[in-house]
Each structure stands twice: as structure tokens, then as C-alpha cells.
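Data block below; observations after.
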Amino acid sequence: MKIGILGGGQLGRMFIQEALKYDDDFYVLDPNPDCSCANISHFTQGNFNDYDDVLAFGKDKDVVTVEIEHVNVEALAELENRGVKVIPNSKIIKIIQQKILQKEFYQFNQIPSPEFEIIWNADEKVIFPLPLVQKLNTGGYDGRGVQILKEEGDYEKFWKEPSVLEQLVDIDKELSVIVAKNENGETKTFPVTEMVADPKLNLLDFNICPADISVETQIQIDEIAQQFLDNANSPGLFAIELFLDKKGKVWVNETAPRLHNSGHQSQEGNANSQFEQFYRVLKNLPLADTTAVGFSGMLNLVGEENYLGKVKYQGLEEVLKLPKTYVHLYGKTETKPGRKMGHINVLADSREELMEKLIQVKSLVKVVAE
């Protein structure tokens, strides 16, 4: 098959790396000729937000997919009209790429998500009391486009663009579950992972699997995952990010219609990875076993503050000496503060051992510039 991917970042790179063991051709559309996928695919330089670029790229492919949701959905809909398979379909991508539509989707389908208010322009009066979360309707990614307003003075930084305002959840844990559905309607769910964020960068720092949750919490998550798949009405692989509040209630934060940072530990930590699963979804093959093989975790390698330029990884040789520790670099030659440059997966026999190893790895390695 000729598999086309809109976006050439690290998610596409790791997907292609996994899928190269099969017999298919992989095509990538990205504006950056030095993107992570450029040297391991049939690469086309172009704008995945441009109607004509997407249409020209996708018209001769057997299936077109995304590794970033901010793409031209009108072009994807036209490709569908022309008989090109688009996974996930253009309708659910359009819903997910706009926070307002996404929240209305949860509300309409009775999927638990924090109460919200929609703001279209700067003149509208905010009804919700502080503290609240503001999410820009479009363009948010990797923590950008989201801010918390806690006190009256914070209104000075209030964004004037169309936004969703959410009541702030009293969070006990941030969780994620990755679900998959093929065209035959078969579904599989990965074990729930627990996310620990870097409060300064608002990026994922550690990811831990399995999450330390109760049976009651697992039941809520299973119901949410099934509700989402039933109502999304599309094959695909989706990451559902969740909040567990301090009263034991699970809420959907947001959903990604693609591979996700919170599933990276599945590369070594599960019987099959999210990347293998995604390949099977695109090919409509039987879905893979997702069983966790033990305790696993992931640490993001992120560009250090005050370093800009050609990347250099300090301490990587020390990390490579550690048992059950796996380095994944993204092929990015230039680093900048907060940029995701790679990740390291760790396996352990207990949660305590896993946390110790993750903290040790974090202390050993730094992403700087030459």
C-alpha cells in the first residue's frame, strides 16, 4: 500500500520505523525538509494546512493519515469523496482540531468533561468564576494554547481569540488511555498510563504504566473509551487524556486523533506498541495484543533552557550502560528550549523501582547545544 502521512515529526518517524518491517511505501508531507521523517520516507515538501498541497499529495495514496491534527480537513473530505481512504476520517479530525467542537461533542454524547463556556470574542462577558482554564479553539499543541487564570489580575493575559473556558478540576492524577478501532469494528485499549507534567514547560515529563488507579476508576475509563469510540464513528488510533479528581471522578481533558506522547513507553513496555497498533488500523488487520509486560515508564528528552543550536546530548553514554533502558532520538539536528528531541523508556519490576530509575535517568542526561 501507499500510505500517506500529513506531518513529518517524531510520531511519524517512529511509526515508519516500526512499519518498515512490513511491505508498504510511506509518503510524508511536511513544510520542513529537515523534519524527522524526511530521510526515511518518500518525502514531499508542502503545507499540510493548504488545501491544494494536501489534495495533490493524497490523491494517489491508498490511505492518508495524520501525525498532527492541525491539517486541512476540507482537502481530506475531498479525498474521501474521490475514494481515498482517510483514517481517522475528516469529520472526527475536524471535531478534535477545534476545542469548541470537541467540547460540544463530549456534551452531546454524555462523555464526562469539565463544565465549559464558549467565548467567541473579547467583548463577551465571562460567566465562569475563577479559577478557570482557557483553551484556544484552534492551534493548541504540546501545552501551548492553554492557560490557567487564578485571580482577577490574570485577566490581563486573557486571550481575545475564540476559546473554551473550563472550570478548574481539583486534580488527583492526570491519566491517558490509547484506544484503537479498525474498519471491521474491532477495538483494543492499551493499559491506562499516568502522566507527570513538567509544571514549568507544561509538557509531559514522566509517563508511568500501569497507572496506580482503583477498579472503580478503571471502570469509568473503560466506559469513557467505549463511549468515545462508539460516537466518533471512525477507525483510528486515539489518545484520550483524562483527569481523575480528588473525589474519584474521571473527566476527559481532550483527545488526540493520532499517536501520542503518552504511549511511547509501549515500545518496550507492552506486547505491541502504539505504532504497531496504528499500522494495523491503517491496514485493517487484526488488532495487536496490548498487554503490559511489567512496569514501564518514559522520560521526555527536552531542550534545556538557554541552549539554541546544533544539538548535543550530555550523559547519554551513562544512560546506555543501564539495564532495561532504551533511548529513542527523533533525528532533529537543532535544539531549542522546550523542544522535544527524544525520549527514554525504562522497564522495572515494581513502581518504586521504576520511579527510581526514571529519576536517575533524568539526572544523568541533558539536551544542550554544541
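Summary table below
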item: Among the candidates GLU18, GLU78, residue that is under 30 Å from VAL327 (Cα atoms), of a type outside the set (S, T, N, Q) and crowded, with 16+ Cβ neighbours inside 10 Å; result: GLU18
item: The stretch 77-91 - residue that is out of contact with any Gly (no Cβ under 7 Å at 6 or more places or on another chain) and either assigned to a loop (DSSP other than H, G, I, E, B) or touching a residue at least 60 places away in the same chain (Cβ under 8 Å) (or both) and, of those, nearest to CYS37 (Cα to Cα); result: ASN89
item: VAL196 being surrounded by 19 or more Cβ atoms within 10 Å (Cβ to Cβ), β-branched (Val, Ile, Thr) and either outside any strand (DSSP E or B) or at negative phi (or both); result: no
item: Among the residues listed as LYS188, LYS125, LYS157, LYS150, the single one being at pLDDT 95 or above, basic (Lys, Arg) and at negative phi; result: LYS188
item: Complete set of residues in the stretch 253-276 that are part of a strand (DSSP E or B) and either within 14 Å of the chain's Cα centre (by Cα) or free of Cβ contacts under 8 Å to residues at least 24 places away in the same chain (or both); result: ASN253, GLU254, THR255, ALA256
item: Counted residues, the stretch 219-252 - those being assigned to a helix (DSSP H, G or I) and either among the acidic types (Asp, Glu) or in contact with a His (Cβ under 7 Å, 6 or more places away or on another chain) (or both); result: 3
item: Residues located in the stretch 288-301, provided they are of a type outside the set (Val, Ile, Thr), under 20 Å from the mean Cα position of the chain (by Cα) and outside any strand (DSSP E or B); result: ALA288
item: Residue within the stretch 7-15 that is in contact (Cβ under 8 Å) with a residue 24 or more places away in the chain, more than 30 Å from VAL252 (Cα to Cα) and not hydrophobic (A, V, I, L, M, F, W, C) present; result: no
item: Filter pass, VAL319 being hydrophobic (A, V, I, L, M, F, W, C), touching a Gly at 6+ places or on another chain (Cβ under 8 Å) and either touching a residue at least 12 places away in the same chain (Cβ under 8 Å) or buried (at least 20 other Cβ atoms within 10 Å of the Cβ) (or both); result: no
item: Complete set of residues in the stretch 330-348 that are surrounded by 17 or more Cβ atoms within 10 Å (Cβ to Cβ) and assigned to a strand (DSSP E or B); result: THR335, LYS340, MET341, GLY342, HIS343, ILE344, ASN345, VAL346, LEU347, ALA348
item: Residue count, the stretch 21-40 (criterion: surrounded by 24 or more Cβ atoms within 10 Å (Cβ to Cβ) and either within 25 Å of GLU268 (Cα to Cα) or of a type in the set (S, T, N, Q) (or both)); result: 2
item: Pairs where the first residue, in the stretch 44-65, is without any contact (Cβ under 8 Å) to a residue 24 or more places away in the chain and the second is of a type in the set (A, V, I, L, M), C-beta under 6 Å, 6+ apart; result: THR44/LEU29; GLY46/LEU29
item: Cβ-Cβ under 9 Å pairs, at least 6 apart or on other chains, the stretch 28-40 side not assigned by TED's automatic domain parsing to the domain that holds THR333, far side in a loop (DSSP other than H, G, I, E, B) and aromatic (Phe, Trp, Tyr); result: LEU29/PHE48; ASP30/PHE48; PRO31/PHE48; SER36/TYR330
item: Yes/no for TYR22 being aromatic (Phe, Trp, Tyr), at negative phi and touching an Asp or Glu at 6+ places or on another chain (Cβ under 7 Å); result: no
item: Within the stretch 114-169, strands (runs of 3 or more DSSP E) holding 1 or more residues that are within 21 Å of the chain's Cα centre (by Cα); result: 132-136, 146-149, 163-167
item: Odd one out for ILE119 among (1) under 24 Å from ALA197 (Cβ atoms); (2) crowded, with 17+ Cβ neighbours inside 10 Å; result: (1)
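Residues are listed down the side, and each one gets a yes or a no for (1) surrounded by 23 or more Cβ atoms within 10 Å (Cβ to Cβ); (2) more than 24 Å from MET1 (Cα to Cα); (3) touching a Ser or Thr at 6+ places or on another chain (Cβ under 8 Å):
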site: LEU229; (1), (2), (3): no, yes, yes
site: LEU237; (1), (2), (3): yes, no, no
site: LEU259; (1), (2), (3): yes, no, no
site: SER262; (1), (2), (3): yes, yes, yes
site: GLY269; (1), (2), (3): yes, yes, yes
site: ASN284; (1), (2), (3): no, no, no
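The values are calculated or read from the model by the stated rules, or taken from the named source; none is laboratory data. Just so you know, these numbers come straight off a predicted model, no measurement behind them. With ideal geometry, Cβ positions are generated from the backbone for all residues, glycine too; neighbour counts draw on all protein chains shown.
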